[in-house]
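Accompanying notes for the structure given below.
The values are calculated or read from the model by the stated rules, or taken from the named source; none is laboratory data. As the structure is a computational prediction, the values presented were derived from the model and not from experiment. Positions of Cβ are generated from backbone atoms using ideal geometry, with glycine treated the same way; all protein chains shown enter the neighbour counts.
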Amino acid sequence: MKADILRALETSVLGQSLNVFDEAVSTNELARQRARAGGGEGETFLALKQTGGRGRLGRSWESPAGKNLLLSVILKPSCSLADASLLTLVAGAAAFDLLSSYLAESPASPGFKDLTIKWPNDVYWKDRKVAGILSEMESEGDSIRYVVCGVGANVNAVEADFSPEIRDKAASLKTILGRETPLAEAAARFLNFLEKRYQTFLKRGSSDLIRFCDERSYLKGRKILFEAPEGKLTGTALSLSPQGHLLVRNRDGSVIPLSSGEVTIKDIL
Ligand code: BT5
C-alpha cells in the first residue's frame with residue numbers, strides 16, 4: 001500500500017513522509033500527536049480501519065475496514081488564523097477534485113452536476129454524503145502551531161457496509177460508478193490535489209477557492225435549519241461571503257453570515 005501510494009505521488013511535500021496503519025483509533029489523533037511532538041508539514045497518516053474515527057462536534061466517522069480513504073495530513077501554513085480556518089474548504093475542494101476526477105474517467109460518466117460541496121466540510125452526491133473533512137488547529141496567540149486536515153472519503157463501501165443510521169445518507173465512488181477504485185491510487189490522487197490547492201491558496205489567497213465552492217454549493221437557494229447565537233433558526237442559504245462564511249437570508253429578510261456550525265436542509269429533514 002505504502003509503496004503504491006508513494007509511486008503515484010506527484011507532490012513535493014504532502015505525503016512524502018507517509019505512515020500507513022492497518023488499524024488506528026483516528027488518523028487525526030495520530031497526526032495531532034505527531035505534530036505536538038514536532039512533526040513537520042506534509043507528514044501523512046493513513047489507516048485502513050479506525051476504531052474511533054471522529055467527525056466534528058463530537059460525532060463519529062464510520063468506515064468499514066479496508067474500503068475507504070481515511071487520511072490526515074499535518075499542515076503548518078504561514079497565514080493568519082482566519083485564513084487557516086479556510087483550510088477545511090481547501091481540503092473539501094481537493095476531495096471534490098478527487099471524486100470528480102474519477103467521475104470524469106468513468107466510461108458511462110454520470111456527469112458532475114450531482115456532485116456538490118456542502119459548506120463547510122462535505123462533498124455530496126445528490127442528497128448523500130461521500131466525503132467529510134475534519135480540520136483541527138492548535139495555535140499560540142496569533143500564530144498557528146499546526147493544522148491537521150483529515151479526510152474521510154467513501155471509495156469502495158457499498159450500502160450494506162454502512163450502519164442503518166447512515167445507509168440511506170451515504171454514497172461512495174463504488175455506489176456511484178458501480179466499480180472499485182484502488183485505495184492507494186485514490187490516496188495519492190487526493191494528496192496531489194490537496195497540495196495543488198494548498199499551494200495556490202497560500203500563494204494567491206482564497207477568492208478562487210471560495211468561488212469554486214460557491215459554484216458547486218449543495219446549499220445555495222435551499223431552505224435550511226441552522227444554529228445561530230439566538231438558537232436554531234430557519235432561512236435560505238445564499239452564497240459564500242469573501243471570507244468563506246455562508247450567507248443565510250433569515251425569515252425577517254436580514255442576511256446573517258455563518259462562520260461555522262451545522263446546517264441541515266429543511267426539505268429533507
Ligand atoms: C465530518 O464530520 O464529516 C468529518 C469526517 C472526517 C473523517 C476523517 S477520517 C480520517 C480522519 N480521522 C478522523 O478521526 N477523522 C478524519 P461531520 O460533519 O461531523 O459528519 C459526521 C456525520 O457524518 C456523522 O454523524 C454521520 O451522520 C455521518 N457519517 C459518518 N460516517 C460517514 C460515512 N462514512 N459516510 C457518510 N456519512 C457519514
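Here are a few things to note about the model shown:
- One residue stands out in the stretch 179-217 among those that are over 14 Å from the mean Cα position of the chain (by Cα), part of a helix (DSSP H, G or I) and of a type in the set (Ser, Thr, Tyr): the one that is surrounded by the fewest Cβ atoms within 10 Å (Cβ to Cβ), namely SER207.
- If the condition is being touching a Ser or Thr at 6+ places or on another chain (Cβ under 8 Å) and under 17 Å from TRP125 (Cα atoms), then the stretch 59-88 contributes only ASN68.
- Filter pass, TYR124 being over 26 Å from ALA24 (Cβ atoms), modelled with pLDDT of 95 or more, buried (at least 17 other Cβ atoms within 10 Å of the Cβ) and of a type outside the set (A, V, I, L, M): yes
- Meets criteria (in contact (Cβ under 8 Å) with a residue 60 or more places away in the chain, outside any loop (DSSP other than H, G, I, E, B) and either within 14 Å of the ligand (Cβ to nearest atom) or surrounded by fewer than 24 Cβ atoms within 10 Å (Cβ to Cβ) (or both)) for VAL73: yes
- Here GLY52 clears all of (1) surrounded by fewer than 20 Cβ atoms within 10 Å (Cβ to Cβ); (2) within 16 Å of the ligand (Cβ to nearest atom); (3) closer than 19 Å to ARG197 by Cβ except the condition numbered (3).
- Test: residue in the stretch 96-108 that is buried (at least 20 other Cβ atoms within 10 Å of the Cβ), under 19 Å from ILE210 (Cβ atoms) and within 16 Å of the ligand (Cβ to nearest atom): yes
- Those residues of the stretch 124-181 which are of a type in the set (Val, Ile, Thr) and either within 28 Å of ASP4 (Cα to Cα) or within 12 Å of the ligand (Cβ to nearest atom) (or both), in sequence order: VAL130, ILE133, VAL147, VAL148, VAL151, VAL155, VAL158, ILE166, THR175, ILE176, THR181
- Answer from ALA91, ALA35, ALA8, ALA31 - the residue that is touching a Lys or Arg at 6+ places or on another chain (Cβ under 8 Å), in contact (Cβ under 8 Å) with a residue 24 or more places away in the chain, among the aliphatic types (A, V, I, L, M) and within 10 Å of the ligand (Cβ to nearest atom): ALA91
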